[in-house]
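Right, one structure below, let's go through it.
Every number in this text was worked out from the coordinates using simple rules, so none of it is lab data. Bear in mind the structure is a predicted one, so any value in this text is a computation, not a measurement. Backbone-built Cβ (ideal geometry, glycine too); neighbour counts: all protein chains shown.
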Amino acid sequence: MAPSTTKQWTIQGKEGFESLKWDEKAPVPSLGDKDVLVKFHAASLNFRDLAIPKGKYPFPVKEGVIPGSDGAGVVEAVGPNVTRFKVGDKVATLFNQGHLAGSLNPSILGTGLGGVVDGALREYGSFDEQGLVHIPSNLDFAEASTLPCAALTAWNALYGLKKLEPGQTVLTQGTGGVSIFALQFAKAAGARVIATTSSPEKAEILKKLGADHVINYKENPNWGEQAQSLSPGGLGVDHVVEVGGPTTMKQSLVAIKIDGVISIIGFIGGFSKDQPSFLDCLNNICTVRGLLVGSRQQFEDMNAAIEANDIHPIVDNKVFTLPELKEAYQYMFDQKHFGKLAIKIAE
């Protein structure tokens, strides 16, 4: 039986992490006919979570929203007309609550969890039954909480437009959540992976995770050329999971194979006036696509692959509790994490 109040965070304003406000006695949301009440056990953070209170997120945001797109927990109660879940089921949240299958549309963009719709950084949350998925049986709550954004984004990058095939080559950038998931998914599919990093220590971890080649982009600013030379026949890579944005796109275009796909999923490298033009896509005869996470259908396909291959998300050794959220945001902003950063909410 859920209590009548829940501890939660909200975002009030755009003054940075001080805009995060803690409430120890917020009301537990009531359930509609098709709603599911979730007791959260864990959540995880994304770059997006840091951008929203700083006013730097380009998609819709509601004032006073409960942050966090990524959460995993147990079904505590269900509305009378719920058919997809029962009490006791282990579930994770869907990033865009309205994105069930197929392409995005403008109305779906208004269903972003932790942006427009109240998110997972709380003890209890109510969601339409369509906005949840069963978690893979081989994962614990902290691992499962990393799936809704970073994992699904990586899966969409590799399978959403042109499906990754065994023997193909994937280029990943850095050691953030999306890049690590892309490495794990690519290796499970029998693909080669070329990874970039600036840290010799992180390079060793990338190799242990299965990266076939690791390039230090600080030592070699022309890493795109090196990635191309490391690909079979020197023809270039089939997929680039592009997380840097304007500051790395030039090298991604050098690395890409004819008819390859560059999936732009972030801009953690910041902004730059010196960046390639649309004409470079023609000159390199490739597809450059932007994507925003993925659909519930893709989420369920991904979860099946995670179970079948016993893939375990890489979670940073440092785990914060829910009241320590501001410290967690700063820890991630300072790039002290490796893989995904988890928030423990309940046992």
Check: the chain dipole with +1 on Lys, Arg Cβ and -1 on Asp, Glu Cβ, in debye:
380 debye
Using DSSP to call loops (not H, G, I, E or B), can you name the trypsin sites (Lys or Arg not before Pro) in segment 158-204 whose Cβ has at most 11 other Cβ atoms within 10 angstrom?
Lys163
Count the net charge of all other residues whose Cβ sits under 12 Å from the Cβ of Pro200, scoring Lys and Arg as +1 and Asp and Glu as -1.
0
May I ask you to compute the full-extension gain from Lys21 to Asn105, defined as 0.36 nm times their residue separation minus their alpha-carbon distance, rounded to one decimal in nm?
27.1 nm
Please name whichever of Ser69, Val293, Leu341 sits farthest to the positive end of the charge dipole of the chain, dipole taken about the Cα centre and charges placed at Cβ: Lys and Arg +1, Asp and Glu -1.
Val293
Taking the alpha-carbon distance from Lys34 and a cut-off under 12 Å, which aspartates and glutamates remain once sequence neighbours fewer than 8 residues away in the same chain are dropped?
Asp128, Glu129
To the nearest µm²/s, what D does Stokes-Einstein give for segment 161-290 at 25 °C and 0.890 mPa s, using the Kirkwood radius over alpha carbon pairs as Rh?
172 µm²/s
With label points built 7 Å along Cα→Cβ from the Cα atoms of Ala305 and Leu235, find their separation and express it in nm.
2.2 nm
Work out which chymotrypsin sites (Phe, Trp or Tyr not before Pro) in the chain are exposed loop sites (DSSP not H, G, I, E or B, at most 13 other Cβ within 10 Å) and give the longest gap free of them.
1-270
Nearest 0.05, what FRET efficiency do Gln297 and Ser4 give at R0 = 41 Å with Cβ-Cβ as r?
0.70
Tilt relative to the chain, helix 296-309 - C-alpha long axis, 0 to 90 degrees, to 10
70 degrees
Students often get this wrong, so check it: of Lys86/Lys162; Lys21/Lys207; Lys54/Lys340; Lys39/Lys340; Lys208/Lys250, which have C-alpha atoms separated by over 31 Å?
Lys86/Lys162; Lys21/Lys207
Relative contact order [Cα under 8 Å, 6+ residues apart], segment 161-290, whole percent:
20 percent
Rh (Kirkwood; distinct C-alpha pairs) - the chain, Å
20.4 Å
As a test, work out the antiparallel percent of DSSP beta bridges whose residues both lie in the chain, rounded to the nearest 5.
55 percent
Run the numbers for Asp140 and Gln330: contour at 0.36 nm per residue of separation, minus the present Cα-Cα distance, in nm.
65.9 nm
Hey, got a sec? Which trypsin sites (Lys or Arg not before Pro) in segment 215-269 land in a DSSP loop and have at most 12 other Cβ atoms within 10 Å?
Lys218
Spelling out what I want: for every residue of segment 229-242, take phi, set θ = phi - 60°, compute 6.51 cos²θ - 1.76 cosθ + 1.60 (Karplus), and round to whole Hz; glycine and proline get x.
5, 7, 6, x, x, x, 8, x, 8, 7, 9, 10, 8, 8
Separation in nanometres of the label points that stand 7 Å from Cα toward Cβ, at Val87 and Asn317
4.2 nm
Between Arg289 and Lys56, what is 0.36 nm times their sequence separation minus the Cα-Cα distance? Round to one decimal in nm.
81.8 nm
What nm value, rounded to one decimal, do you get for the distance between Glu165 and Ser199 when each label is placed 7 Å out toward the C-beta?
3.6 nm
